[in-house]
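J.: Structure provided below as structure tokens; questions to follow.
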Amino acid sequence: MNLYWLSSLLILITNTLLSVFLLSKSKDSKISRLWGCVCITALIWGVGGMMYSHAPFNDPKTALFWWKISYISVIFTPIFYSHFVFSLLKIKRKFFLTTIYLLGAVSLFLVWYKDSCFFLKGVRFVFDEFYWVDPLKEFNPVFLIFYFGFFWVLLGYCFFLLIIAYKNSKGLVRDQLKYFIFGSLIGWLGPEGDFLVAFKIDIYPFTNFLIALYPVI
């Protein structure tokens, strides 16, 4: 066991508890179901993290397999989050949402197609502890387009909409948006820190703990 494995376990626990609560208590609420989906994809990240961070040193194929599982979360968490934000703010973007779901499906296909040769490209051993995905083993435009498109453009657009809504709101709604924006910032700093290692900036991914913290907020 290592600290990264522990952070992944906490992600699994907190997101499982919140997803069960949301899906059992708010069956008729679309935004609650959507946030439940965000939590489910986040807990998949927790499960994957526990497994690839515990893979044997001589078994990179097992680590890569669990990284592929983890990328279900990496791909679809920002999509479900965006869908939630649009529903929360009552913004209709049917064509936009359809497009990002299709792009997510294409991205997931590329992750699994021919041993990830178009997307993940393998793993490397880091921090003398576990295998980390290595999408930039060689120049990888597909991964770069995905990362900047989903984790900067898409999420940036969502935060822009939330901040505009916060400025134009009052009372309880304003307070709700304030805590939601704060929790979202905490939660998304987690994977952004994890991506540093994928870009070969080998800073230990302590930010993974933040993904476990945001459900509490």
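The numbers here are math on the coordinates, done by the rules we state, and not lab data. The model shown is predicted, which means the values in this text are computed figures rather than measured ones. Cβ: placed from backbone, ideal geometry, glycine included. Neighbour counts: every protein chain shown.
J.: So what are the chain's ellipsoid semi-axes, whole angstrom, largest first, if each one is the square root of 5 times an eigenvalue of the alpha-carbon gyration tensor?
T.: 30, 19, 16
J.: Of the cross-linked pairs Lys92/Lys137; Lys92/Lys170; Lys30/Lys137; Lys90/Lys137, which ones have a Cα-Cα span greater than 30 Å in the structure shown?
T.: Check vs 30 Å cut-off fails for Lys92/Lys137; Lys30/Lys137; Lys90/Lys137.
J.: Show me 193-199, 36-42 ranked by packing, highest mean number of other Cβ atoms within 10 Å first. Before the final figure, lay out each step's value.
T.: Values: 193-199: 17.4, 36-42: 23.6.
Going from most to least packed, we get 36-42, 193-199.
J.: Quick one: Cα centre-to-centre distance for region 154-217 and region 88-128, in angstrom?
T.: Each part reduced to its Cα centre gives a spacing of 19 Å.
J.: Determine the equivalent ellipsoid of region 1-121 by diagonalising the alpha-carbon gyration tensor, then write out the semi-axes as square roots of 5 times the eigenvalues, largest first, rounded to whole Å.
T.: Working from the Cα gyration tensor, I get semi-axes of 28, 20, 8 Å.
J.: Evaluate E = 1/(1 + (r/R0)^6) for Tyr113 and Phe199, where r is the Cβ-Cβ distance and R0 equals 22 Å; express this FRET efficiency to the nearest 0.05.
T.: Computed FRET efficiency for Tyr113 and Phe199 comes out at 0.45.
J.: Which of rounded, prolate or oblate describes region 90-217 when judged by the alpha-carbon gyration tensor and an a/c cut-off of 1.5?
T.: Oblate.
J.: Quote to one decimal, in nm, the extra length available between Glu192 and Asn58 on full extension: 0.36 nm per residue of separation minus the C-alpha distance between them.
T.: Details: separation 134, 0.36 × 134 = 48.24 nm, distance 2.82 nm.
Here the answer is 45.4 nm.
J.: Beta carbons within 10 angstrom, averaged per residue: use that to sort the peptides 64-75, 205-216, 133-144, highest first.
T.: In decreasing order of mean packing, 64-75, 205-216, 133-144 become 64-75, 205-216, 133-144.
J.: What shape does region 112-157 have by the C-alpha gyration tensor, where a ≥ b ≥ c are the square roots of the eigenvalues, rounded means a/c under 1.5, and otherwise prolate means a/b greater than b/c and oblate the rest?
T.: oblate
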